[in-house]
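Taking it in order: structure first as structure tokens, then the write-up.
The values are calculated or read from the model by the stated rules, or taken from the named source; none is laboratory data. Note that this is a predicted model, so its numbers are computed, not measured. With ideal geometry, Cβ positions are generated from the backbone for all residues, glycine too; neighbour counts draw on all protein chains shown. The accessibility values were calculated without ligands, DNA or RNA, using every heavy atom of the protein model including side chains. Shrake-Rupley method; radii C 1.70, N 1.55, O 1.52, S 1.80 Å.
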Amino acid sequence: MFLVGFLAVVGAALGALGSIVVQQLSNPVARYRQLYLGVLLPFALLSYVVFRLLGFGYAVVGGGAGTVQALLATFTELLAAGGVGLAAYAPTVRGVRGVRDIDLSTGRALARMGRYVLGLSIFVTVVIAPLETGLSSVVLLAVVAALVVALQAAAPWIIPVVRSVRTPEESTEATLNRLRERARLTVRDIRILDTDREGTANATVRGVPGYRRLFVTSTFLDALDDETATALLAVQAGRQNARVLARVVAGLLLALVPLFLALADIGPLWPLAGVSLGLVVLSLWVTRRGVRAADDYAADRVGPDAVADALERYADVHDMEPSRRRFANPLSKSPPLGNRIDRLRAQAAE
């Protein structure tokens, strides 16, 4: 437990220092996202690797060589790494609250992230479970693929477990149905995510054809007018039409194939790992094209200027300055928001 405490203290110091630096930079909201993805998340993953190498989980569960003990040890190590990540995240909440001027307490933010950590730990443990059964690499790949697909199919029911969700009132549901019909967004039902304190105005669709559920945040309802909401729902319809999420999942599974070949001793590890990385970069490029196709679809529905205005309003609500890059980040699944807006403005000008 000393190791967990030590890494938690280091993580908290890293989060506090990173938060101080980010607040001095331009566009701090976007920089906080980079801090989380580029520094704090890798530190939590590094903590998991350390716990794994030192056998921390087995020490906690009392050892043993069975499958059950292995899974309990894995779950323990994942939770411990998640705790380190939460310790690193905690000092940043105050900074985010300041730059976004929102009423989000550290306790509430940690409780919300704690639910994510618990859910993710359970899911990763379930994914790792086949690795502890001695199955062949081909069967393992098939099992992992089935689990990932099942997760996407079950997302409409999983999200309410890890988030605060409510059914919309009749008037709200009628309004949303009218807006999504204008956007040509086809879903079976709608749920509202409580984000009054976080101030995130998002809309997302999860599920499989025949049962897709639209999740919109309470801030989405409160902060956006009907035209903006319709344009953002049209973007979601475009993502559905371009199968953006399917591109992400398919790219992930495709990138896993070389790694499983390496596990089966069919080829050398490092060259196959390089092939896997190349497939990740390729799949993200394909995903970015899907995002552009979704913007084009929305532009056809409501007009490119309307979509550009909606994206700018989205950035305003989140206190973001739309970022722009001359060359796309090869490890990003979406083009920079500013580039998307500029592209839509150019379409409108033409």
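Before moving on, here are some points about what is shown:
- Accessible area in the full protein assembly, largest first, 1.4 Å probe, for PHE220, PHE2: PHE2, PHE220
- Sparsely packed loop sites in segment 144-224 (the GluC sites (Glu not before Pro) outside DSSP H, G, I, E and B with at most 10 other Cβ atoms within 10 Å) comprise GLU169.
- Of all the options ALA81, ALA298, ALA111, the one that moves most in a Gaussian network model of the chain with Cα springs shorter than 10 angstrom is ALA111.
- By the equivalent-ellipsoid construction on the alpha carbon gyration tensor, the chain comes out with semi-axes of 35, 25, 21 Å, ordered largest to smallest.
- What the chain shows is 51 Å² of accessible area per residue, with the surface traced by a 1.4 Å probe over protein heavy atoms.
- Once the chain from ASN329 to VAL29 is taken as fully extended at 0.36 nm per residue, the excess over their C-alpha distance is 106.2 nm.
- Heavy-atom accessible surface of segment 43-128: percent carbon and sulfur, 1.4 Å: 70
- Among ASN202, LEU253, ILE192 the positive-end extreme of the charge dipole of segment 183-253 (Cβ point charges): LEU253
- Calculation over all alpha carbon pairs of segment 165-349 in 10 angstrom steps from 0 returns a P(r) of 10, 31, 32, 17, 8, 2, 0 percent.
- Restriction of the chymotrypsin sites (Phe, Trp or Tyr not before Pro) in segment 257-335 to DSSP coil positions whose beta-carbon has at most 14 other beta-carbons within 10 angstrom yields PHE327.
- FRET efficiency for the pair VAL99 and ALA146, taken as 1/(1 + (r/R0)^6) with r the Cβ-Cβ distance and R0 = 51 Å, rounds to 0.75.
- Considering only GLY114, GLY274, GLY199, the mean-square fluctuation computed in a Gaussian network model of the chain, springs between alpha carbons under 10 angstrom, is largest for GLY274.
- For the chain, size of Cβ-based charge dipole, Lys and Arg +1, Asp and Glu -1, in debye: 520
- Diagonalising the gyration tensor over the Cα atoms of segment 1-135 and scaling each eigenvalue by 5 before taking the square root yields semi-axes of 32, 14, 12 Å, largest first.
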